[in-house]
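Undergrad: Dumping the structure here so I can ask a few things about it.
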Amino acid sequence: MVESSFTLHRKLDVVHPFIPTNLFKLLLKYKPEDKLAKKERLLKKAQAEAEGKAPESKKPIVVKYDLNHVTYLIEQNKAQLVVIAHDVDPIELAVWLPALCRKMEVPYCIVKGKARLGSIVLKKTATVLCLTTVKNEDKMEFSKILEAIKTNFNDKNDENRKKWGGGIMGSKSQARTKAKERLLAKEAAQRMT
């Protein structure tokens, strides 16, 4: 019987169902701008500079993505919330990320579906997302989401780390045990007759 490690078992322990709906509503507000919106913003900025006015448009607040970029943001203590996909393949890419978040005291959560995360950042898939800043009108909602994630996910870390995961045998071991069970059932049937 193959036992999976604590960390791999933890990867399958996703947040409670009510948290992702509110979380994804918030993340959608910080969706990165598409190519047309970026081109329009930069064009307005260039026109303002050409007219001699000070450009007033700031770079918009958006969700950060890409494993290397998010890792850098966590290490620099700029990340306020990290969202990790549960189906990262290969799992070794993101299995260390919760430990880094715990060390740097950054709230993190694991949600179902890297495709769902990818839809937020206009990509097919995304393994990890990060919020660095939030607009003033969303701070209350963001603090509620953070509190829910901390109580339901991060604060239960020690309890969940001590849980053994899996207990699922590989295909060869399963076939072997089924063959043994059939043999024992056959012998028991022969003894009865």
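Undergrad: Could you please find all residues in the range 11-29 being surrounded by fewer than 18 Cβ atoms within 10 Å (Cβ to Cβ), of a type in the set (D, E, K, R) and at pLDDT below 85?
TA: D13
Undergrad: Starting from the range 140-151, keep only residues that are farther than 10 Å from L81 by Cα, then list their pairs with residues that are outside any helix (DSSP H, G or I) whose Cβ atoms are within a distance under 7 Å, requiring at least 6 positions of separation or different chains.
TA: Taking only residues 6 or more apart or on different chains, the pairs are K150/P107.
Undergrad: Being on the phi > 0 side of the Ramachandran plot and under 14 Å from the mean Cα position of the chain (by Cα), is that true of even one residue in the range 68-81?
TA: Looking through the range 68-81, none of the residues is on the phi > 0 side of the Ramachandran plot and under 14 Å from the mean Cα position of the chain (by Cα).
Undergrad: Loosely packed, with under 15 Cβ neighbours inside 10 Å and over 14 Å from the mean Cα position of the chain (by Cα) - does that describe any residue in the range 105-118?
TA: Checking the range 105-118: at least one residue is loosely packed, with under 15 Cβ neighbours inside 10 Å and over 14 Å from the mean Cα position of the chain (by Cα).
Undergrad: As an exercise: evaluate Q80 against (1) farther than 19 Å from N154 by Cα; (2) out of contact with any helix residue (DSSP H, G or I) (no Cβ under 6 Å at 6 or more places or on another chain) and give the number of the one condition it does not meet.
TA: (1)
Undergrad: Any residue that is more than 18 Å from I149 (Cα to Cα), within 13 Å of the chain's Cα centre (by Cα) and not hydroxyl-bearing (S, T, Y) - is there at least one of those in the range 29-45?
TA: There is no residue in the range 29-45 that is more than 18 Å from I149 (Cα to Cα), within 13 Å of the chain's Cα centre (by Cα) and not hydroxyl-bearing (S, T, Y).
Undergrad: What are the pairs with Cβ atoms under 9 angstrom where one residue, in the range 165-193, is surrounded by 10 or more Cβ atoms within 10 Å (Cβ to Cβ) and the other, located anywhere, is among the small types (G, A, S)? Sequence gap at least six, or different chains.
TA: G165/S4; G165/S5; G166/S4; G166/S5; G167/S4; I168/S4
The values are calculated or read from the model by the stated rules, or taken from the named source; none is laboratory data. Model, not experiment: these values are computed from the prediction. Backbone-built Cβ (ideal geometry, glycine too); neighbour counts: all protein chains shown.
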